[in-house]
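The values are calculated or read from the model by the stated rules, or taken from the named source; none is laboratory data. Just so you know, these numbers come straight off a predicted model, no measurement behind them. Positions of Cβ are generated from backbone atoms using ideal geometry, with glycine treated the same way; all protein chains shown enter the neighbour counts.
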Amino acid sequence: MYKMVRYLIDSIRIAICLLLPAATILAQTPTVGVLTASPDMAPGYSLFAPNATKNTYLIDNCGQVIQQWGNSNYFPGSAVYLKEDGSLIRTCRVSNSNFVLGGLGGRV
């Protein structure tokens, strides 16, 4: 009886240790911007599309969002380009369980 109770208590402790960090990560608000800045940074903007969102951001060196695009129906692939006329070209992920190597993409 003692071993069974001890096993149950240990199982609950392990479950709490595994689930608590996951709940904390999911509860955090996503951040867009710069975490650290340096005077040695090159001037200009950064264009990126985070893997976990369907948005694309253009930010300055202070982390301020200059432009945000969020009208995509797809998660981003491996590349995003801003043309001189202001239009955005972005690769997108395609669900394909038959081919799992070679990067993320398959749709423009």
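Taking Thr91, is it closer than 26 Å to Pro39 by Cα and hydroxyl-bearing (Ser, Thr, Tyr)? No, not satisfied.
Of the residues in the stretch 78-95, how many are part of a strand (DSSP E or B) and without any contact (Cβ under 8 Å) to a residue 40 or more places away in the chain?
Final tally of qualifying residues: 10.
Restricting attention to the stretch 49-77, the residues that are surrounded by 14 or more Cβ atoms within 10 Å (Cβ to Cβ), in a strand (DSSP E or B) and not β-branched (Val, Ile, Thr) total 6.
Restricting attention to the stretch 54-105, the residues that are closer than 30 Å to Asp40 by Cβ, hydroxyl-bearing (Ser, Thr, Tyr) and modelled with pLDDT of 85 or more add up to 3.
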